[in-house]
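Here's the structure we're looking at; comments come further down.
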Amino acid sequence: MTALSALRPGGSRQLAGTGTLLRFALRRDRAMIPIWIGVNALMVLSMPNTLKGLYGTTAERADLVRQVETNSSLRAMVGPVFDDSLGALTAWRVGVYAGALAAAMGLLVVVRHTRDEEESGRQELVASGMVGRRASLTAALLAAAVANTVLALLLTAGLAGHGGAGALAFGLGIAAVGMVFATMAAIVAQLTESARLARGLTAGVLGAAFVLRAAGDSATDDGSSVLTWLSPIGWLENLRPFAAERWWVLLLFAAAVASQAAVAYALAGRRDLGMSFLPTRPGPASGRLGSAAALAWRLQRGSVLGWSIGFFLAGVVYGGLTDGAADLVGDNANAREIIERMGGQSGITDAFLSAMIGMLGLISALYIVASVLRLHGEETSGRAEPVLANAVGRLRWAAGHLVIAFGGSVLIMLLAGLGFAVGYGKEVGPILGACLVQVAAVWVIGGLAVLLHGLAPRAAVAAWGVAGAVLLIGWVGPALDVPQAVLDVSPFGHLPKLPGGGMEWGPVLILVLMALALTGAGLAGLRRRDMTT
């Protein structure tokens, strides 16, 4: 039975209750989806004015295009550029990352409302009512479609002044990337028995798509590489918004979404509720996990490994760009000013290094929030209760996860520093020091996540909003020339600008003490409150 079964006689019974489940899904995600959409839209829509300030004349924009055509490392990071208009440069500068954010939003929404619901047992309760067999899957895909449609409308309306056709192509392309990975997540959710594994596998495919696109773009300057065409993110580039749009590329997205949705529907009709086609392998008869910390490591080791590899490779790529940073900026005073706002008033090379290291520090805040909130997931799913029923106290249980969260942030930033050293080949000690300094601010975000989980578990997911706001301030703030008072809202705004600047231990120590105080308060709250069931 395929996705078309709903069109056959009696097929409507398969979708009974879809509307109610869709409204419920949108209500549950009333905070998460707007945050994802807002961050993505603001990143894109702020870029034309930024580029206009940086490259105000046609000659400056044409020179930028020539720089990109001859810089394979830059193409690997953001892709090729096909025209020197502000619209085309916007699509070039943020298209890859906007597509990746839309893909992440799509996969998270679908997994949350399919495999997450089955794993928690809520889906079994819902299925006992007047709900069709495929209603939950349909509602999840529709929720992802609603989110991506809103994003597409915002982007199209916001960029219409630079060309209506290009704005429409860009908005549709971003939404299409999101739906490709939403339907892919729907398939993976049928195959796996764990929501965590479903998210990890789909995110791994997204990472592979990014790597394929980067490898293909570094080899050619026009997106014609076979590797680029193997990646949905590469399809977005080859749609060429604002540069003689290739509308036929949208047919690739449509075919991928339709075929993957059909596979997901077919799989959903051939398995029992709560089961999967790739069931979890049973463990040994005698357990090998001797402590709560060992269990925490077993649960989070895949995430730590994935983030570690990603940060090391990102460090290698950014390090490889460092030598060409001065040539890329050239005599452009505005570009130099933005990099120095992000990286400090030092030489352009050190400022570029500091800016890129700071960017990875901001992204590592997402890691620590995800790792800390694993406590929340274990608690709300009921898996923490059997552990705590033994001779394991709450603080000991929480400590295992927090050591991985806080220690893992040190590890991934250290590996990012090693990646920079490999790519750049110079200043190994200062670069490692600059990466480790970022940990103080990352720990503050982690401490806030612990505090929310300990004192107000229902509001624990707000930690994602905090991390998103910090990322937005650090990423977009310098380009928009926002007041320093706004930048100082983020803990990253108080860190010394390394390498190149002077080391200031005072702010770093204060941030570490803040992180310890927030974490301590959160653990005290966890110890005193009732466990969530």
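The values are calculated or read from the model by the stated rules, or taken from the named source; none is laboratory data. Since this is a predicted model, take the numbers as computed values, not measurements. Using ideal geometry, Cβ is built from the backbone for each residue, glycine included, and neighbour counts are taken over all protein chains shown. We work out accessible area using only protein heavy atoms, side chains counted, and drop any ligands, DNA or RNA first. Shrake-Rupley method; radii C 1.70, N 1.55, O 1.52, S 1.80 Å.
Summary of values
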quantity: Pairwise Cα inverse-distance average, inverted: Kirkwood Rh of the range 92-140 (Å); calculated: 12.3
quantity: Calculated SAXS-style log₁₀ I(q)/I(0) at q = 0.16, 0.18 Å⁻¹ - the range 1-154, Debye, Cα scatterers; calculated: -0.88, -1.01
quantity: Per residue accessible area in Å² of the chain, where ligands, DNA and RNA are left out and the probe is 1.4 Å; calculated: 43
quantity: Karplus 3J(HN,Hα) series, Hz, for the range 125-141 with 6.51 cos²θ - 1.76 cosθ + 1.60 (x for Gly, Pro); calculated: 5, 5, 5, 6, x, 7, 10, x, 5, 10, 5, 5, 5, 5, 4, 5, 5
quantity: Extension gain, K52 back to A399 (0.36 nm per residue minus Cα-Cα distance, nm); calculated: 120.0 nm
quantity: Over the chain, equivalent-ellipsoid semi-axes from the Cα gyration tensor in Å; calculated: 37, 32, 19
quantity: Pairwise FRET efficiency - L513 versus S381, Cβ, R0 = 25 Å, nearest 0.05; calculated: 0.15
quantity: Added length on full extension, which subtracts the Cα-Cα distance from 0.36 nm per residue, S259 to V489; calculated: 78.2 nm
quantity: Cα pair count fraction exceeding 20 Å, expressed as % - the range 9-83; calculated: 61
quantity: Extent along principal axes [Cα atoms of the range 106-264; Å; largest to smallest]; calculated: 53, 33, 22
quantity: Expected-Rg normalisation [2.2 N^0.38 Å, Cα atoms] applied to the range 417-533; calculated: 1.25
quantity: Order by protection proxy (mean Cβ within 10 Å, highest first), peptides 303-314, 109-120; calculated: 109-120, 303-314
quantity: For the range 386-397, Karplus couplings with θ = phi - 60° (6.51, -1.76, 1.60), whole Hz, Gly/Pro x; calculated: x, 5, 6, 6, 8, 7, 10, x, 4, 5, 5, 4
quantity: Structure-based [θ]222 nm, the chain - -39500 (n - 2.57) summed over DSSP H runs of at least 4, per residue, nearest 500; calculated: -24500 deg cm²/dmol
quantity: Accessible carbon and sulfur surface of the chain relative to its total accessible area, %, 1.4 Å; calculated: 65
quantity: Table column - 3J(HN,Hα) (Hz), the range 494-499, Karplus curve with 6.51, -1.76, 1.60, x for Gly and Pro; calculated: 9, 7, x, 7, 10, x
